[in-house]
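The values are calculated or read from the model by the stated rules, or taken from the named source; none is laboratory data. Please read all numbers here as calculations on a predicted model, not as lab measurements. Quick reminder, even Gly has a Cβ in these numbers, built from the backbone with ideal geometry, and neighbours come from all protein chains shown. For the accessible areas, the whole protein counts, side chains as well, though only heavy atoms, and no ligand, DNA or RNA atoms are used. Shrake-Rupley method; radii C 1.70, N 1.55, O 1.52, S 1.80 Å.
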Amino acid sequence: MDEDLMMQEADNKLINDAFQRLLDSYLASRHRKKVDIITKAFNFARQAHKGVRRLSGEPYIMHPIAVAQIACEEVGLGSTSICASLLHDVVEDTDYTTEDISNIFGPKIAQIVDGLTKISGGIFGEQASAQAENFKKLLLTMSDDIRVILIKICDRLHNMRTLESQPANKQYKIAGETLYIYAPLANRLGLYKVKSELENLSFRYEHPDEYNSIKEKLASTEASRHELFDQFTAPIEEELKRMGIQYEIKERVKTPYSIWSKMQNKHVTFDEIYDILAVRIIFKPNKREEEVNECFNIYVAISKIYKSHPDRLRDWLNHPKANGYQALHVTLMSKQGRWIEVQIRSDRMDEIAEQGFAAHWKYKEGENNEYTEDESELNEWLRTIKEILDDPQPDAMDFLDAIKLNLFASEIFVFTPKGEIKTMPTGCTALDFAFSIHTFLGSHCIGAKVNHRLVPLSHKLQSGDQVEILTSKSQHVQPSWINFVSTAKAKGKIQAILRRNSRELQKQGEELFAEFLKKHGFEDTLNAADQLAEFHEARSREDFFQAVGDKTILLGEKDVDELNGKNNNGAGKKGWRKLVPFLGRGKQKKDGDNGQQELFVVPEKFNRKKPIFINDDNIVQYKFKHCCHPIPGDDVLGFIDGKQQVEIHKRSCPVAAKLKASFGNRILDAKWDMHKKLFFDATVRLQGIDRVGILLDLSQIISHQMSVNIHKLTIASEEGVFDGTIELRVHDREDVKAIIDQLKTIDGLQDVTQIV
């Protein structure tokens, strides 16, 4: 009994301390001090979750307090959001209803809690695309109150911070979903710090070895980075003091995730990344309206101290990013011969960069909760998303991709013929621009004039282009257009028009087919349609009707014969076709007799929390996909496909990223248990300065020194520089690393990387 009492006292102290910290953070903020309603929400939630514990063992109420703490301290939200955060799991996990919340705390808090309840669902049931469906609900609720999405991001951040207590397969699912949906969403809402932490935590759980390796390297280079920072900023500080500016200079270090991403994308090592360090100058302007001019004054002053890079000036002052980010980025050459990026921004810009839109909403906590004008960009984005939702995609995976296209905030600025500026995503085409203005303009677009020069629909736009769209009434949406648009809006509209057109053609086809049957005395049945669909090798009955509608299939005597069963010596083509599947099955059996193992099929009561071990004997029972070519030593996961068989993917594979976000409940933890018996293909790319004997050195190291079999060698040399690839047969990732390390010792070899 004493032990229970001690545990209860310890729990109470833990809970009370956490709540006191929340109140202290709230009282230190600029919001109105509505402590009473926050305390009331805390006591209500504490009572509702009494006796319940999380997987980590701590009292459940600690989670809502932590979410409220993040909402208050890190996102800068006020009392309404704090109360909703404290209550966000009450309706879902207890007997209380939204009506109860509304009666006790008012309709506004109840509306936000209701929005959070709709998109929650922890483990998203068993449906295949449940996450995508939940994401749809999530976006739908955003239009009611943007605080729903902000609190959901806070909730996800706390779940990521406490992910350690979850089994590995769940960790990959949650981390994958976070990278695929929540980190880009946080970025789009301007929550830069939150986005970075979400990415880092996902990286830590998906690639623990690589995460730890980068952390160690950052720690070992910390002293030299500090020294470089001090030497570089000393003359800048003198100049800022001379100018009489109130300033603060901060050291910004790239996160392990962004370092790893750059290593992957640019095929470079940690030592070859030069922008790990950046310098941030944050100043207090004398007059708020002069802050943009002051940024440029600081730039002019420091570019007299250090030479600036002409191509790396980024002006986010006059054209802020869609997520509200404002700053001036310049890259300067330090005395140590290193390019260093300097970010110049005012204290207001810094607050927006750290906390996003929440920093300048400053919700009116009174009777009218209207949004402020600062949100016009965000509302524009929400409108685009609502348009996609109004015409739902048939495939949830497509839906996620379409939304993701709109989440990233890398933009270009394009001018209309009248000189109005439109913000568009990088990589967009003239057709994207046409659809962004109006659906009619997009669907009748025949080309464009970019800077008064005629270009095709697929022409990619650059920042600063002036674009005039050319249309024709005879032009109609083509299926090929889907291949060269990149914005969610254009893709959604094209797919909707194509689907509408195909429905009309199907209807015409059905009518023509019914007339044909009536004319030849057949009954109008679905069996007749299926028989002729198979006869014409159409993929489905709908495809057959569409082909009849657009006249690519012309119904005639051969179809009458088919329905009468006169083809193929009276047996009918359909009768012959039935044999094909059985022939296939027989062949499979024969292979099995020759000792081939069948693919592993996941049984009904399979424990998905335990890892599967891939060894030399059972490796043939799993499907190794071509999207990422995993080999032993790679961080991998398993995915249970529609046939209940297991696909193996690298955890960093883009296909796996989609699977984790849309089919999280089918993800398995997979581990290697190989003993260097089997060989796998690996391709290494080589670049360097050509010289006599370099090929001999290569083969000497690979074949003789390391006893590795060269499968294929392709090298081309031009003007003294060579570029090529070697396909090798290796046991695992360790072999590849050892080979690359050895090859780097060859004189003249500049770059050695593995191609995925």
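Beta carbons within 10 angstrom, averaged per residue: use that to sort the peptides 418-425, 176-183, highest first. If you can, show how the numbers build up before the last one.
Values: 418-425: 13.0, 176-183: 24.8.
Result, highest mean Cβ count within 10 Å first: 176-183, 418-425.
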*Could you run the Karplus curve 6.51 cos²θ - 1.76 cosθ + 1.60 with θ = phi - 60° over region 97-112 and give me ³J(HN,Hα) per residue in whole Hz, x for Gly and Pro?*
10, 4, 4, 4, 4, 5, 5, 8, 10, x, x, 5, 4, 4, 5, 5
_For Y247, solvent-accessible area (1.4 Å; no DNA, RNA or ligand), Å²_ = 60
*Would you kindly compute the Cα radius of gyration of region 617-713 and its largest Cα-Cα separation (Dmax), both in Å?*
17.8, 56
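Can you check what the net charge comes to around S717, using other residues whose Cβ is under 11 Å from the Cβ of S717 (Lys, Arg +1; Asp, Glu -1)?
Details: positive: R691; negative: D690, E718, E719, D723.
That works out to -3.
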*Protection-proxy order for peptides 293-299, 106-112, each taking the mean of Cβ atoms within 10 Å per residue, highest first*: 106-112, 293-299
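Output the pairs from K193/K609; K152/K217; K266/K650 with a Cα-Cα distance over 26 Å in this structure; if there are none, say none.
On the way: K193/K609 32 Å; K152/K217 34 Å; K266/K650 19 Å.
Over 26 Å apart, Cα to Cα: K193/K609; K152/K217.
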*Whole number in Å², please: accessible area per residue of region 160-233, 1.4 Å probe, ligands, DNA and RNA not counted.*
38
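I'd like to compare 256-265, 551-560: which one has the highest average count of other Cβ atoms within 10 Å, and what's the full order after that? Spell out each step's value before the answer.
Details: 256-265: 17.6, 551-560: 14.0.
Per-residue Cβ counts within 10 Å, averaged per peptide and sorted highest first, yield 256-265, 551-560.
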*Work out how far the C-alpha atoms of region 686-740 reach from end to end along every principal axis, then list the three figures in whole Å, largest first.*
36, 17, 17
*Ordering E734, E411 from largest to smallest accessible area (1.4 angstrom probe), what's the sequence?*
E734, E411
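From the protein chains alone at 1.4 Å, what is the descending order of accessible area for D4, D732, D36, largest first? Numbers along the way, then the final one.
Working: D4 95, D732 25, D36 130 Å².
Accessible-area ranking of D4, D732, D36, largest first: D36, D4, D732.
Roughly to the nearest percent, how much of the accessible area of region 215-359 is carbon and sulfur, given a 1.4 Å probe? Please report the intermediate quantities before stating the final value.
Working: 3440 of 7380 Å².
Carbon plus sulfur share of accessible area: 47 percent.
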*Karplus-derived HN-Hα couplings along region 65-76 (A = 6.51, B = -1.76, C = 1.60, θ = phi - 60°), whole Hz, x at Gly and Pro*: 5, 5, 5, 5, 4, 5, 4, 6, 7, 9, 10, x
_Computed accessible area, M674, all protein chains, 1.4 angstrom probe, square angstrom_ = 40
_What is the sum of charges, Lys and Arg at +1 and Asp and Glu at -1, for the other residues whose Cβ falls under 11 Å from the Cβ of I174?_
+2
*Only bridges with both residues in region 212-342 count here: give the DSSP antiparallel percent, nearest 5.*
90
*Can you sort R666, R21, R288 by 1.4 Å-probe accessible area, starting with the largest?*
R21, R288, R666
*asked:* I need the Kirkwood Rh of region 1-73: take the reciprocal of the average 1/r across all distinct C-alpha pairs and report it in angstrom.
replied: 13.1
*region 469-474 - phi-based ³J(HN,Hα) in whole Hz, Karplus 6.51/-1.76/1.60, Gly and Pro as x*: 8, 9, 10, 8, 5, 7
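Of all trypsin sites (Lys or Arg not before Pro) in region 627-661, which ones are in loop regions per DSSP and have a Cβ with at most 13 other Cβ atoms within 10 Å? Write down the numbers at each step before the final one.
On the way: sites: K643, K650, R651, K658, K660; in loops: K643, R651.
In loop regions of region 627-661 (DSSP not H, G, I, E or B), the sparsely surrounded trypsin sites (Lys or Arg not before Pro) are K643.
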*How much of the DSSP beta bridge set in region 596-715 is antiparallel, as a percent to the nearest 5?*
60
_Restricting to DSSP loop positions (anything but H, G, I, E, B) with no more than 14 other Cβ atoms inside 10 Å of their own Cβ, which trypsin sites (Lys or Arg not before Pro) remain in region 718-756?_
K744
*For region 458-525, state which GluC sites (Glu not before Pro) are in a DSSP loop and have at most 10 other beta carbons lying within 10 Å of their beta carbon.*
E523
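What's the local net charge at R733, with K and R +1, D and E -1, over the other residues with C-beta under 10 Å away?
Numbers: positive: K737; negative: D634, D635, D732, E734, D735.
Around R733, the charge tally is -4.
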_Heavy atoms of F44 accessible to a 1.4 Å probe, total area in Å² rounded to 10_ = 30
*Average projection area in nm² (convex hull over Cα atoms of region 591-664, one quarter of hull surface)*: 5.8
*Using all C-alpha to C-alpha distances in region 7-48, build P(r) with 10 Å bins and read off the rounded percent in each one.*
26, 51, 20, 3
